[in-house]
Amino acid sequence: MTAQRLISGGRIDRNKIIKFSWDDCWMNGHPGDTLASALMANNEKVIGRSFKYHRPRGIMSAGVEESGAIVTIGEGAKRDANVKATTQELYHGLTAFGQNAWPSVRFDVGSLSNAFSQFLAAGFYYKTFMGLPPFEWGQGTGTWMLYEKLIRRAAGMGTSSREPDPDNYEHGHIFCDVLIVGSGPAGLSAAAKLSQTGLDVLIVEQDFEPGGDYLNQSTTSVKYSQLLENINNSDIRLMTRTTVFGLYDHGTAGLLERVTDHLSSPSAASPRQRFWTVRSKHIILATGALERNIAFGNNDLPGIMTAASATTYLNRFGILPGKKIIISTNNDSAYGVSIALANAGASVKLLDARTTLPSKLSHTAKGHGVDLKASAAALNASGSKSVSGLEIATLNEEAWVQGGSEDCDLVLISGGWSPIINLLSHRGSKPLWDDENCCFMPGSTDEHIEIAGAGIGIWELSKCEVSGEVAAAAAAKALGKTTTDVKKPSSNGWSEKIRPLYEVKIHGKGQKSFVDPQHDVTANDIKLAHQEGFISVEHLKRYTTLGMATDQGKMGNVIGIALMAEALDKNISSVGTTIFRPPYTPVSLGAFTGRNFNNHFRPLRRTPMDEWNISHNATLTDAGLWRRPWYFSRHNETIKEAYIRETTTTRNVVGLCDVTSLGKIAVQGPDATEFLNRIYTNPFAKLPIGKARYGIMLRDDGIVLDDGTTWRLAETDYFMTTTTANAARVMVWLEELLQLRWSDLKVHVTSVSEQWAGCAVAGPLSRDILKSSIETPNLASDENLPFMGVIETKLKNGVPCRIARISFSGEMASEIYVPSDYGPAMMDLLWETAEPLGGCLYGLEALGTMRIEKGHVTGAELDGRVTLEDAGLGKMASNKKDFIGNVLRKRPAMVDDYRPQLVGIFPKNRKEIFNAGAILCNEDNISGLGEGWITGVTYSPVFGHWIGIGFIAGGYKNWISRGAIAADPVRKGNIEVEIVSPHMYDPKGSRHHG
Amino acid sequence: MIRIQCPFCGERDHSEFTYGGDGSIKYPALNAPIKDWLAAVFHRKNIRGLQLESWHHINGCRMWLLVERDTVTHKIESVRAAHIDFQKILKV
Amino acid sequence: MTRFSAWNVIKNGLSNQKGWDRQWQDCEPKDQYDVVIVGGGIHGLATAYYLAKNHGIKNIAVVEKGWLGGGNAGRNTTIVRSNYFQPGNRQFYEHSLKLWENLSHELNYNVMFSQRGHVSLLHSPSAIDTAARRYNTMRLTGSDAEIWGLKKLKQKIPHLNYNVNARFPIMGAAVQKRAGTARHDAVVWGFARAADQRGVNIIQNCEVIGIKRDKGKIIGLETSRGFINCKKVGFSAAGNTTLLWNMAGLGELPIESHKLQAFVTEPLKPLLDHVVVFGVGGAHFYISQSDKGGLVFGGDLDSYKSYAQRGNLPIVQDVAECATSILPCLGRVRLLRHWSGTCDMSMDGSHFICKTPLKNLYLNAGWNYGGFKAGPSAGWYFADLIANDRPDGVIANHDLKRFERGINIDERGAGPDPKLHG
């Protein structure tokens, strides 16, 4: 191929130079160029190397189906592998590199594999690499994994960066009445037709210039200019550099907009790409068609392209791609190509596989100096890194025979056209084979989708325009708008029928002809798949990897299916096709992510006291989505030193803890009592006003769902607290019960988790703190606020509050809640009193220590598999009323005495430490599933050694005087332990009663 | 994206909702025989085609809805409030 | 049948690949079989293979309504692991992993089981403890399991997001080294070829359209290719189990069909050498790199019941967010294809291999997320059940009546809500 930029013509701006580099060599291009056109203008031939055989590959097309010119763009963190040069707009300073080759795509050591290609047929890797060669001796996966290392290195395509992607991405949302995909003749005509209807229309174009096939014409069409003007003067939105990559349910489309990929120095404020979600009422697919190759010998050599792409390079980019050109076709479309190239000064030979030629077209072609030959086709290309000659086959009674050879520097192929039906396939519509046009046509759909233009096999530009208007009229009608009538185009625009032609070969003669060039799938691979029984198209695809490369079968699928049909002696329609999946063209993960990653991966929930805690030296930790104080280090204490001090201080003096993250639900209404009585296992019917009660909820299946306290504030007004972890789930559950099951109950539930800030005040002096913090100190007396008592009052600073005397730590304690905004003010007030008394602030770690000492359960114990009895809470089940879960909790295996039950755990040697997550085993059988497990451990300041909480078969009474082992092979090994009652500290609860 | 016509909020993306489950299940009385509870909790018709199902507009009005939806095509035939009283109010 | 070996690959390379036979015969259905397995996925084919191999049953058919491996066998993310810890599941998946380890040799088919290690990231001390319980159980039952600290993890996978300002900073990982990935289609074809060699009839494009019963027994199957008499029938048709169940005139199952998407990127040179799992803040994400170079990943169910084998955008966004959050270099990597399969989600997240109300009908169903890795073992135990008409101890509780007995084999503790068992 000796390509050459012409001195005039095309849609490029020759007055401006764009400098770019290709494999470290600087070159010139012009605005309006793609990387591929600029490389072609610089007469670069080998742009890529193939996946398996490392064969040299050049530019094969001018669009998204490109399977040869695949390169890496950029360096460092911005390196972008596997870019199709045909779709990359040129910009100043663009740096592109060849990939999958060493040292370069021009001289690639890997091409040695081409010499062994006969051994590397489809699926060869399923047949070997299992064991030691040659007979695959051995067992296990060891040998395979050695091979695998080498195979992985050889496979893959480009190399991606391992550095974090430095770019930003955005998400956007669009609503419209009609989404038009494609701005070619059909799409623009459809849009223009809709411009009068008042409908909200969005037209989307993947290219950087709207126009589609209009851009490939030798002169700018007047119609094109009119349509664009019409659209520009209307409210229609036109997006370029944007791909509709997928259609989803209910008229939703996914779009990728490439915002800065064509800019040399984008503004830092610009995202690189935007992912748009479009919700439309109607969709018009004007997506066009892709030209197909034909399988013939060495049809992958650089210098062999699809025929229409030559017109694109000529008319859009002002490049004459070759001087001595042979075109091989089986349909009318290549005639125009031959004429245009001949007019541009090339010597053109046109081989038409058909015996009857279109009379008018052939007359015109001949008139322009095209050397026309009927019943002929490309048979075998020659040349080392670029095509230099072509053997020609001629038809002899329907069989191909050798027909001489000719020198050439460019071979163009038109094997027919395939409508782009990908988007419709995304909707589950099965494509239908059309014998007349030799292509898959869009199948039927009952969704609101129209298809126009080459997408339904209309091959002539003016007819595509009409087809676009027809689609627009249908869309308008569906949306209740009227337009002037348009008649469907009468024909597809071809004067002579296409001849089915997928492979050209001479019987008995071997050749390497590629079907899917990107994955190096050859015609022989298809035949081998057939021979081995992989005859379903899906098996064919999977066995040969046909259509699984980055073009997703755009280039080779139809040929592969046709060859399988031939091998099976069936027609193509009965072989069928594989299903196209989204995305239509690959989409960066960054675009899907938008800004929701790294520290914005999930929302961070902070309590109103977050800053207050931090300013008091809190170290924070995650609790679900919440951030909570973990411990409050003083004088560089370690976490252990801190939590021991906090625990000791709280048990001996007083401690304050931010408990805002607990779930809080207002349960109100005349039937609130009845409701609570049904959802909690224990009775709530007689809970007096001004009292709180600890309650447990079960799931329908009788397993513990959650626990917490519920406070009765008034006759019909309750304040429920849940665990932090289950707050959302419990709320949903209550709403489900009230709306779906018990709509007769007059109860309203409102999540007030975010309305109330909470602080636990725990320790012997907690009452003193309360007294000096509320307006009426006497309300905090033991009479007015007994254990489980509730009061609503005001803090000394006038802030309204609700207080319940409840204890999680086991000390005399209260929880105080104030409206969220007053959280810090409450803390100031409480701390003002607590600090001088020698109190402390405590975090989750000390909270954990105290609750383990007490044997109180949390989410670590209530893990969704535990019954009331397992958790040692069997007494919480009322036998005087019905409640959720009561029936199913009595199933046999759930009431088995030997189920693991809650216990306390001491190390036998009190100096030893053990871990949560250890498995409790019988001391003489440290293996198998074990007898139980440990859910929490802590150093207990009360006991002066480590203690734990967990479950063991039969409960602690079953383990009195029996030795157990805490087995922790993944961390610490085995420790001998003693199983004790879970109520390790103050079992009678005398302390919290105060 | 499935688009659900919430009777309270209008047409919204399904990502605003959470799917509940089979909306045709009638949960038995709290003291019903165990076999009724086993059936309601563990057994599913698992319809391929049009089914009645519950959705919760969790990031919207927090109302539970009953939706008739085809489990193959995802087409929605009807949406109504799950709570019987709201159904009545919305009908008026 | 030509044996698969380097020797024969070279020999055939020199002779135009002429020596390779069909990997399995496309059989016409016979009038009568001793056992008919409905469903030509990994489970069905493995069942047929082990029925023939372990139990010497001769007259077996596998009927498949489409093409072999067209269901979830060809739609999953190919992860093989045994990090289950509930009674029954633990032994079952460990047995499966052991079968996987020698499967290529067993079948004389390279299923490319790559024991590259399965690394679950941990983000808090309590998550480490929770993982330790599971991984300790694995170790105590003879499997391999490790907890890696941050230092070791950084050494092994240096380009994860170790930023301490990440929303959930990584603190360590729970690792099963023997776990990894396999080539999913190869497993289907390997079992098909090996079963075929042992005389199993593989019948594709044969859809069961009716089931003929005589009281409590199946007489035969009405199929799109004629009536087939059968002495025993095994259902192994994930995604279609309920349809078959109804056809057999049986009631409801503890199963709901949901859709699970899977994703692959463009092929890249080696970037990730392990299976990495990320699950914190409600996220659920797993990723590995195929031998061809594509990053294969997946996440949660689409969360609503569906038989449509195509996904929707919210989950696409969700998995992308996970991907870029743990591997920030993936921002520029492009998604090539996403698709979806129908998962039969059960009420406790565990499977059923069991007898049924019909005397000669056996059920293999409800695989949730676990079907691919379970394949060999499911075939093994299902064959055993069909051949001996009684369940092995390992699957004794994996029956339909376990809920009645009060047994929930619930790995996640999510309760009887199928969509929560992803």
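For chain A, the longest principal axis of the Cα atoms and the long axis of helix A:727-736 meet at an angle of about 80 degrees. Counting only other chain Cβ atoms within 10 Å of each residue's Cβ, the peptide A:489-497 averages 0. Once you reduce the stretch A:812-846 and the stretch C:30-44 to the center of their Cα atoms, the two points are 69 Å from each other. Each residue of the stretch C:308-322 was assigned a 3J(HN,Hα) from its phi angle through the Karplus curve 6.51 cos²θ - 1.76 cosθ + 1.60 (θ = phi - 60°); the sequence is 6, 8, 8, x, 10, 5, x, 6, 4, 5, 4, 5, 5, 4, 5 Hz, with glycine and proline shown as x. Heavy-atom accessible area with a 1.4 Å probe sorts A:ASP569, A:ASP165, C:ASP129, C:ASP214, largest first, into A:ASP569, C:ASP214, C:ASP129, A:ASP165.
Which shape class applies to the stretch A:293-415: rounded if a/c is under 1.5, otherwise prolate when a/b exceeds b/c and oblate if not, where a ≥ b ≥ c are the square roots of the Cα gyration tensor eigenvalues?
Oblate shape, in that a/c is at least 1.5 and b/c is the bigger or equal ratio.
Placing a label point 7 Å from the Cα of A:ALA115 along the Cα-to-Cβ direction, the residues of the stretch A:127-158 whose backbone N falls under 19 Å from that point are A:154.
A cut-off of 5 Å between modelled amide H atoms, ignoring neighbours fewer than 5 places along the same chain, links A:ILE774 with A:LYS796. Largest first, the residues A:VAL732, C:VAL175 sort by 1.4 Å accessible area into A:VAL732, C:VAL175. Label positions at C:ARG412 and A:SER961, each projected 7 Å from the Cα along the C-beta direction, are separated by 4.6 nm. Using only the Cα atoms of the stretch A:938-994, build the gyration tensor, take square roots of its eigenvalues as a ≥ b ≥ c, and label the shape rounded, prolate or oblate: rounded if a/c is under 1.5, else prolate if a/b is larger than b/c, else oblate. Here the stretch A:938-994 falls in the oblate category. Working from label points 7 Å from Cα in the Cα-to-Cβ sense, the A:GLU792 to A:GLU637 distance is 3.8 nm. Between helix C:42-55 and chain C there is an angle of about 60 degrees, using the helix long axis and the longest principal axis of the Cα atoms.
A Cβ-based charge dipole, computed about the Cα centre of the protein assembly as shown with Lys and Arg at +1 and Asp and Glu at -1, lands at about 1700 debye.
Going 7 Å from the Cα of C:GLN32 toward and past its Cβ, which residues in the stretch C:192-233 have a backbone nitrogen under 19 Å from where you end up? Residues passing the 19 Å test: C:200-201, C:212-215, C:217-223, C:226-233.
Where does each of A:ILE639, A:ILE579, A:ILE294 land when they are ordered by accessible area, with a 1.4 Å probe and the largest first? Each step should come with its number before you reach the end.
Numbers: A:ILE639 55, A:ILE579 80, A:ILE294 0 Å².
Accessible-area ranking of A:ILE639, A:ILE579, A:ILE294, largest first: A:ILE579, A:ILE639, A:ILE294.
Which residues in the stretch A:41-57 have a backbone N closer than 20 Å to a point placed 7 Å from the Cα of A:THR95 along the Cα-to-Cβ line? Hits in the stretch A:41-57 for A:THR95 at 20 Å: A:47-48. Farthest toward the positive end of the dipole of the stretch A:850-993, out of A:MET876, A:ALA860, A:VAL980, is the Cα of A:MET876, where the dipole comes from beta carbon charges about the Cα centre.
When DSSP assigns beta bridges and you keep just the ones with both residues in the protein assembly as shown, what percent turn out antiparallel, to the nearest 5?
Here the antiparallel bridges make up roughly 75 percent for the protein assembly as shown.
Give the shape of the stretch A:170-271 as rounded, prolate or oblate, defined through the alpha-carbon gyration tensor: a ≥ b ≥ c are the square roots of its eigenvalues, a/c under 1.5 means rounded, and otherwise the shape is prolate if a/b is larger than b/c and oblate if not. In terms of gyration-tensor shape, oblate. May I ask for log10 I(q)/I(0) of the stretch C:66-118 at q = 0.24, 0.25, 0.31 Å⁻¹, from a Debye sum over the Cα atoms as equal point scatterers with solvent left out? The Debye formula, applied to the Cα set alone, gives -1.08, -1.10, -1.15. Ranking B:GLY20, B:ILE76, B:LEU50 by Cα position along the charge dipole of chain B, where only Lys, Arg, Asp and Glu carry charges on their C-beta atoms, puts B:LEU50 farthest toward the positive end.
The charge dipole of the stretch A:850-993, taken about the Cα centre with unit charges on the Cβ atoms of Lys, Arg (+1) and Asp, Glu (-1), comes to about 500 debye, rounded to the nearest 20. Counting only Cα atoms, the stretch A:420-574 measures 60, 33, 26 Å along its principal axes, largest extent leading. Of all DSSP bridge pairs formed entirely within the stretch A:293-415, close to 40 percent run antiparallel. With axes computed from alpha carbons, what is the tilt in degrees of helix A:844-854 against the longest principal axis of chain A, rounded to the nearest 10 within 0 to 90? Compared with the principal axis, the helix lies near 50 degrees. Dividing the summed -39500 (n - 2.57) terms of all DSSP H runs of n ≥ 4 by the residue count of the protein assembly as shown sets its mean residue ellipticity at 222 nm at -6500 deg cm²/dmol. Along the axis of the charge dipole computed for chain A (Cβ charges of +1 for Lys and Arg, -1 for Asp and Glu, origin at the Cα centre), the listed residues A:SER333, A:ASN613, A:GLY93 are led at the positive end by A:GLY93.
Look at the stretch B:13-21: the mean tally of other chain Cβ atoms within 10 Å of its residues' Cβ atoms is 6.
In plain terms, the C-alpha convex hull of the protein assembly as shown casts an average shadow of 56.1 nm² when viewed from every direction.
With θ taken as phi - 60° and the Karplus curve 6.51 cos²θ - 1.76 cosθ + 1.60 applied, the whole-hertz 3J(HN,Hα) list for the stretch C:222-238 is 7, 10, 5, 10, x, 7, 10, 7, 8, 7, 9, 10, x, 8, 9, 10, 3 Hz, x standing for glycine and proline.
Determine the percent antiparallel among the DSSP beta bridges restricted to the stretch A:541-663, to the nearest 5. Don't jump to the answer; show the numbers that get you there.
On the way: 6 of 8 bridges.
Counting only bridges with both partners in the stretch A:541-663, antiparallel ones make up about 75 percent.
Extending 7 Å from Cα along the Cβ direction at A:LEU568 and again at C:ASN165 yields two label points whose distance is 5.8 nm. Full extension of the segment from A:HIS993 to A:LYS686, taken as 0.36 nm per residue of separation minus the current Cα-Cα distance, would add 108.4 nm. Peptide C:145-156 shows a mean partner chain C-beta count of 1 within 10 Å per residue C-beta.
Rounding to the nearest 20 debye, state how big the charge dipole of the stretch A:663-751 is about its Cα centre with +1 on each Lys and Arg Cβ and -1 on each Asp and Glu Cβ.
Numbers: 10 positive and 11 negative charges, 54 e Å.
That gives the stretch A:663-751 a dipole magnitude of about 260 debye.
The Cα center of the stretch C:360-412 and the Cα center of the stretch B:32-85 differ in position by 28 Å. A straight line joining the Cα centroids of the stretch A:182-255 and the stretch A:518-535 runs 40 Å.
The values are calculated or read from the model by the stated rules, or taken from the named source; none is laboratory data. None of these values were measured; they are calculated from a predicted model. Virtual Cβ from ideal backbone geometry, glycine too; neighbours counted across all protein chains shown. The accessibility values were calculated without ligands, DNA or RNA, using every heavy atom of the protein model including side chains. Shrake-Rupley method; radii C 1.70, N 1.55, O 1.52, S 1.80 Å.
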